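Engineer: This is the structure I want to talk about, given as structure tokens.
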Amino acid sequence: MSEKSIQLEPDLKVHFWWFLAGVLLIPLFGIGLYIIYKKKKELSETRYKVTNLTITVVDPEYTETVDLKNIRSIDIQQRWIDKKFGLGKLLIRTDSRTLTLSGMKNPEKLSEMILTAAETERMRLQKLKEKKTKEPESKPGTKDRMNYLTGLWQQGLISEEDFEKERKHFES
């Protein structure tokens, strides 16, 4: 199965208040320009890679990966301004940790798609597991008993007729 992936990035509108503060503080010794620069740089260095197997967050400070099969739930956090812009923060929860995707457009739809992909991956892995644990072709010990019977026949300890008669029991 080939790995398919999409790249996501946070929307600039997620830091609306920081940009507004930056614009208002420009006359004050250029502090506003610094704030705008830092927030723009922070957002441009943050990437999210979603594949059919994993979700990876690449941030300036860390990189974190979560397997889709381990995702248990996704919570959406939105402030009132985020709702106006159609943005939100996704909190992807596994049994052991939480992965955060900030500044996502249409968080409800994205959350639904990730949960669907996670369920599909779990079903795919379950089918693979079922294929591996198929019933054996013969009953346990049948091959050993057949080998023992063949050994007796080859050594001449049982006749050809007895061998054929017993062999038919193993085939049915």
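The values are calculated or read from the model by the stated rules, or taken from the named source; none is laboratory data. Values in this document were obtained by computation on a predicted structure and should not be read as measured data. Here the Cβ positions follow ideal geometry from the backbone for every residue, glycine too, while neighbour counts run over all protein chains shown.
Engineer: Run down V58, V66, V50 and say which single residue is within 24 Å of E3 (Cα to Cα) and in contact (Cβ under 8 Å) with a residue 60 or more places away in the chain. Before you say what the answer is, go through the steps one by one.
Structural biologist: On the way: V58 fails: in contact (Cβ under 8 Å) with a residue 60 or more places away in the chain; V66 fails: in contact (Cβ under 8 Å) with a residue 60 or more places away in the chain.
Only one candidate passes the filter, namely V50.
Engineer: Examine segment 126-149 for a residue that is surrounded by fewer than 11 Cβ atoms within 10 Å (Cβ to Cβ), within 29 Å of the chain's Cα centre (by Cα) and either part of a strand (DSSP E or B) or in contact (Cβ under 8 Å) with a residue 24 or more places away in the chain (or both), and state whether such a residue exists.
Structural biologist: no
Engineer: State which residue is surrounded by the most Cβ atoms within 10 Å (Cβ to Cβ) when the search covers only segment 57-99 and only residues that are under 19 Å from D11 (Cβ atoms) and β-branched (V, I, T).
Structural biologist: Within segment 57-99, the match that is surrounded by the most Cβ atoms within 10 Å (Cβ to Cβ) is I92.
Engineer: If you don't mind, there's one more thing I want to ask. Of the residues G86, G156, which is free of Cβ contacts under 8 Å to residues at least 24 places away in the same chain, under 30 Å from E3 (Cα atoms) and of a type outside the set (A, V, I, L, M, F, W, C)? Before the answer, list the steps.
Structural biologist: On the way: G156 fails: under 30 Å from E3 (Cα atoms).
The unique qualifying residue is G86.
Engineer: Could you check segment 66-109 and list, in sequence order, the residues that are assigned to a strand (DSSP E or B), of a type in the set (V, I, T) and modelled with pLDDT of 90 or more? Even if it seems obvious, please write down each step before you answer.
Structural biologist: Initial filter on segment 66-109 (assigned to a strand (DSSP E or B)): 66-67, 73-77, 87-93, 98-105.
Now drop any that are not of a type in the set (V, I, T), which leaves 66, 74, 76, 92, 98, 100.
Of everything in segment 66-109, those that are assigned to a strand (DSSP E or B), of a type in the set (V, I, T) and modelled with pLDDT of 90 or more turn out to be V66, I74, I76, I92, T98.
Engineer: OK, next. Identify the residue in segment 23-57 that is among the β-branched types (V, I, T) and in a strand (DSSP E or B) and, among all such residues, is farthest from the chain's Cα centre (by Cα).
Structural biologist: Of segment 23-57, the ones among the β-branched types (V, I, T) are 23, 26, 31, 35-36, 46, 50-51, 54-57.
Of the ones still in play, those that are also in a strand (DSSP E or B) are 50-51, 54-57.
Values: V50: 9, T51: 8, T54: 4, I55: 6, T56: 10, V57: 13 Å.
Here the residue is V57.
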